[in-house]
Amino acid sequence: MTAARSERGTGHCSGSDKKCMSRRPRTSPCRHGFTLVELLVVIAVIGLLAGLLIVAVGGARRAAQDTSDRSRLRGLAQAAQGYAADMKGRLPSPRTSTPSGWTSMKARPGDCPGGDGGLREELALASDPAAVKYRGWICSDSTQCAGAISGNGMETAAALEGGSLFSYLGSLEAYQSPMDATGRLRSYSINAWVGVLYADDAVDTPGKFRGGDYATACSLAFDTRTGSRILQPSATAMFVGDNDPMHATASSAGWNLNGMLFNPNPRQARKWFDLPAVWQVGQATVNMSFVDASTGAYRIQSDAVRNQETSQALRGADTSNGVDISEEDPSYADLLGLSRYALPGSLKTIAAED
């Protein structure tokens, strides 16, 4: 009896002791690893976190690029102000080469016979020795700046270094947007209506606007060669990202010829001349700096522009005279919106009619 108690006390039972056996603890089976469901849940959570991280990193990267882009636009506008301070108030010319037959910055012969467009310019040149030799803000003219355009048609460092603003900027990086992946050296252009008597880009601007608001080429003449003549410097675009489709090919990004030509009145001539650069598909805004060196952004309204459909259409078209669109075209809203920045207060823009 004593022996039996001793065995039970120590946790041992004999084979015949059924009561003892019923009290024997049952052990749970051992589990190793995850079930399939648990594994799938973990993978889903990791995928979700990775997706959120990618979105966050992409958003932070775009925000940093946007900040840098605005900083460079402001730097360019400040360089233009520095140039004007040294040149008796004259703003840099938006053109990138000397127009045919020009040795100085003149009105075109025959544009305003009997008018004062050419006379004003000649008098200004006579009193301003610094202006006697025409010099664009970019020197893409091989006769003035050797090697300005490479053999494959790309603008080179010589074109930027030979322009009127390089000494105020001091680096090639200042000309390139961090959002520009085309490989070109220069991402920005000056508003073609600023720093001239009238916009005369690669298109015949006076001819496009004869009749209506602009009865003759002479009535289009104005003088924005100095900042003091610009009525709304805080609302007039100075520098804008430019992705000129006129010189882009399947194998080359080309280069941005002359200024960024905004259409001053799309209700009179429904044409896209130049389209501000939309560097990324789905881009929501276009940054710009103004004549007073402040910066801002235009919010793109049309999916056709935001998703580069309009830009691609322009690339495939002959844009030497602009591209006609209808009022029903999705990009027409942006044509109207961007016209406000051409030269408000001096040109009869759509902003003055609203």
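Throughout, read-outs are computed from the coordinates displayed, never taken from laboratory work. What you are looking at is a predicted structure, and each value in this text was computed from that prediction instead of being measured. Here the Cβ is made from the backbone with ideal geometry for all residues, glycine too, and neighbour counts use every protein chain on show.
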- Query: Per residue and in cubic angstrom, what volume does the convex hull of the Cα atoms of segment 143-184 have?
  - Reply: 66 Å³
- Query: Which ordering of Trp193, Trp279 is given by a fewest-first count of other beta-carbon atoms within 10 Å?
  - Reply: Trp279, Trp193
- Rounded to whole Hz and in sequence order, give me ³J(HN,Hα) for segment 289-306 from the Karplus expression 6.51 cos²θ - 1.76 cosθ + 1.60, θ = phi - 60°, writing x for Gly and Pro. 10, 10, 4, 7, 6, 7, 10, x, 9, 9, 7, 5, 9, 9, 4, 5, 7, 4
- Fewest-first sequence of Lys88, Lys271 by Cβ atoms within 10 Å of each Cβ: Lys88, Lys271
- May I ask you to order 155-165, 140-150, 35-45, 334-344 by the average number of other C-beta atoms within 10 Å around their residues, highest value first? 334-344, 155-165, 140-150, 35-45
